[in-house]
1. Can you tell me which residue in the range 1-17 is modelled with the lowest pLDDT, limited to those that are surrounded by 17 or more Cβ atoms within 10 Å (Cβ to Cβ) and closer than 13 Å to G90 by Cβ?
2. Out of all the residues in the range 67-87, which are of a type in the set (A, V, I, L, M, F, W, C) and either buried (at least 16 other Cβ atoms within 10 Å of the Cβ) or assigned to a helix (DSSP H, G or I) (or both)?
3. Filter the range 88-113 down to residues that are free of Cβ contacts under 8 Å to residues at least 24 places away in the same chain, within 16 Å of D11 (Cβ to Cβ) and part of a loop (DSSP other than H, G, I, E, B), then give me how many there are.
4. Just one of the numbered conditions (1) in contact with an Asp or Glu (Cβ under 7 Å, 6 or more places away or on another chain); (2) at pLDDT below 95 is not true of V63; which one?
5. When the range 18-66 is examined, which residues are found to be touching a residue at least 24 places away in the same chain (Cβ under 8 Å), part of a loop (DSSP other than H, G, I, E, B) and either touching a Cys at 6+ places or on another chain (Cβ under 6 Å) or surrounded by 15 or more Cβ atoms within 10 Å (Cβ to Cβ) (or both)?
6. Taking into account only those residues within the range 66-111 that are touching a strand residue (DSSP E or B) at 6+ places or on another chain (Cβ under 8 Å) and of a type in the set (D, E, K, R), which is nearest to A36 (Cα to Cα)?
Amino acid sequence: MPRVPSVSVTDLPTEPGPGSVLLDVREVDEWELGHAPGAQHIPIIDVPARTDEIDIDAEVFVVCRQGGRSIVAVEYLNSIGFDAYNVDGGMVAWQKAGLPLTSDGDPGSAKIY
């Protein structure tokens, strides 16, 4: 299996800004429990139909729960011209690293696991 470009959670910008996108491809229920502030949410099943919502000129850091789905999304995005990177360890690694989390309900209760 070809290795996809990857980055550690500790090497990511904590707040996506101009030139970078943190794309969360987890399911809606996972997103609602907790996600990175400023992340863009498109469930993996919807990515092919919604690529026009992703900034083609940005570096796209793709995250899921632990890294399986994001690898698939990175392979797809790179094959159609994006500059995409897999986030190693996904949101589990994000939470373990103590990085900020928020949720659509009570931000204080945001969690991944």
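1. My answer is L12.
2. Taking the range 67-87 and keeping what is of a type in the set (A, V, I, L, M, F, W, C), we get 71-74, 77, 80, 82, 84, 87.
I71, V72, A73, V74, L77, F82, A84, V87, listed by residue number.
3. Of the residues in the range 88-113, 1 are free of Cβ contacts under 8 Å to residues at least 24 places away in the same chain, within 16 Å of D11 (Cβ to Cβ) and part of a loop (DSSP other than H, G, I, E, B).
4. Answer for V63: the failing condition is (2).
5. Correct list: V25, R26, G34, A36, A39, I54, D55, A58, C64, R65, Q66.
6. Of all residues in the range 66-111, those touching a strand residue (DSSP E or B) at 6+ places or on another chain (Cβ under 8 Å) come to 67, 70-71, 73-74, 77-78, 82-88, 90-91, 93-94, 101-103, 110.
So of that shortlist, the ones also of a type in the set (D, E, K, R) come out as 83, 88.
Numbers: D83: 20, D88: 15 Å.
Step by step, filter the range 66-111, then rank; the result is D88.
The values are calculated or read from the model by the stated rules, or taken from the named source; none is laboratory data. This is a predicted model, so every value here is computed, not measured. Positions of Cβ are generated from backbone atoms using ideal geometry, with glycine treated the same way; all protein chains shown enter the neighbour counts.
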